[in-house]
Amino acid sequence: MKLIAAYLLAHLGGKPSPTAADVKNILDSVGAEADENKLESLLAELKGKDITEVIACGREKFASVPSGGGAIAGGAPAAAAAGGGAAPAAEAKKEEKVEEKEESDDDMGFSLFD
């Protein structure tokens, strides 16, 4: 990801087709190292392509990827249909409250800026 981010930063900085040196300079400026093999692979894949078209194509692919949220929602109606009644509904509410608590942990136990 850091290689892609550095490539995009170089592109935003005015280089329509950033070189390996451009990407390395950006990564060096923040103290990160570039993996030569991955960098060459990235540059080979993007050579001669318009980055905006590559991003647009990637967005189309992500639109067809399931987000993973359907499994929990699908399980609760099946339990209610089986004659579970109010008990499964109470369990579903309890599970939702637990999930909200987990989502509120924004820093996940560490800070990126320490």
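FYI, it's all coordinate maths here, none of it is from the lab. The shown structure was predicted, so the numbers you read here are calculated from the model rather than taken from an experiment.
Under 5 Å between amide hydrogens, built in the peptide plane, is the criterion, and for Thr19 it picks out nothing among residues at least 5 positions away or on other chains.
In sequence order, the range 8-17 has phi-based couplings of 5, 4, 5, 5, 5, x, x, 9, x, 9 Hz under the Karplus curve 6.51 cos²θ - 1.76 cosθ + 1.60, θ = phi - 60°, and Gly or Pro positions carry x.
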